[in-house]
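Working notes for the structure below.
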Amino acid sequence: MRVLLAEDETLLAETLKEGLEDQHWVVDVAADGETALAFALTYPYDAILLDWGLPKLDGAAVCRQLRSEGVHTGIIMLTCRDGLDDRVRGLDGGADDYLVKPVHLRELLARLRAQSRREAPRPAARLAVADVELDPATGVVTRNGHEIQLARKEFLILEILMRAPGRLFSKAELLDRAWPADSAAGDETVRTHIKQLRKKLDSEGPALIRTVHGLGYKIAP
Ligand code: CA
């Protein structure tokens, strides 16, 4: 799951980014409204966290412009305590939810989960393909009942594949979904991670991740 965090307070942005990454979110940070808008029009996000007081282009303007460009991704605005007018305007202007600063990570995660469920109906509970089970909420992967320890990116890739069993994902698509925009990762990085992931999964059963030559990867029993 990928989220855009538009926040100009560096310390807050860093803290939230770390907390979200710990929960397996891929996080892009934009420190001003113009960058946020450009990111949101370029990358597929599952949710957008939008500070209302941003330099260059404020949150309200970013939100309006995204909606007018047909971007329907869930937007959670971050406002200050006395920002009642902002919140009303924000909700009227196309935002889906809001959080009042100071932001508490646990509440933010709960709102994000609710938001991404609303966006695209997907199983909120654990995912299963053949004898592999993945629980997005706890970050636990098992095969045949045995827990498999995965690195963060391996987990993300597996989650992406398992959310759409049988669907083909190109390396570029996996890069877009599992790595932040400023990452230097390329096709070779994806290949390496898939290799590691296979090694760990296949130690507990037959091969599940298929390579479709020159096109990409899919998971199929
Ligand atoms: Ca701000």
Consider L50 carefully, then state whether it is assigned to a strand (DSSP E or B) and under 23 Å from D182 (Cα atoms). yes
Assuming L49 fulfils every condition listed in (1) within 13 Å of the ligand (Cβ to nearest atom); (2) more than 25 Å from E159 (Cα to Cα) apart from one, which condition is it? (2)
Considering T211, T189, which residue is modelled with pLDDT of 90 or more and farther than 30 Å from A36 by Cα? T211
Complete set of residues in region 182-203 that are crowded, with 16+ Cβ neighbours inside 10 Å and in contact (Cβ under 8 Å) with a residue 60 or more places away in the chain: L201
Going through region 206-221 in order, the residues found to be in contact (Cβ under 8 Å) with a residue 12 or more places away in the chain and within 10 Å of G166 (Cα to Cα) are I209, Y217, K218, I219, A220, P221
If you check T73 against the conditions, is it surrounded by 18 or more Cβ atoms within 10 Å (Cβ to Cβ) and away from the ligand (no atom under 16 Å from the Cβ)? yes
Counting only helices (runs of 4 or more DSSP H) wholly inside region 138-221, the ones holding at least 1 residues that are over 21 Å from E21 (Cα atoms) are 171-178, 187-202
Only one of these is more than 17 Å from the chain's Cα centre (by Cα), touching a residue at least 60 places away in the same chain (Cβ under 8 Å) and within 16 Å of the ligand (Cβ to nearest atom): L16, L54, L12, L99. Name it. L12
Only one of A185, A181 is in contact with a strand residue (DSSP E or B) (Cβ under 6 Å, 6 or more places away or on another chain), on the phi < 0 side of the Ramachandran plot and not aromatic (F, W, Y); which? A181
Looking for whichever is hydrophobic (A, V, I, L, M, F, W, C), touching a strand residue (DSSP E or B) at 6+ places or on another chain (Cβ under 9 Å) and more than 29 Å from L174 (Cα to Cα) here; the options are L66, L91. Which one fits? L91
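The values are calculated or read from the model by the stated rules, or taken from the named source; none is laboratory data. This structure is a prediction, so every number in the text was calculated from the model and none was measured. Quick reminder, even Gly has a Cβ in these numbers, built from the backbone with ideal geometry, and neighbours come from all protein chains shown.
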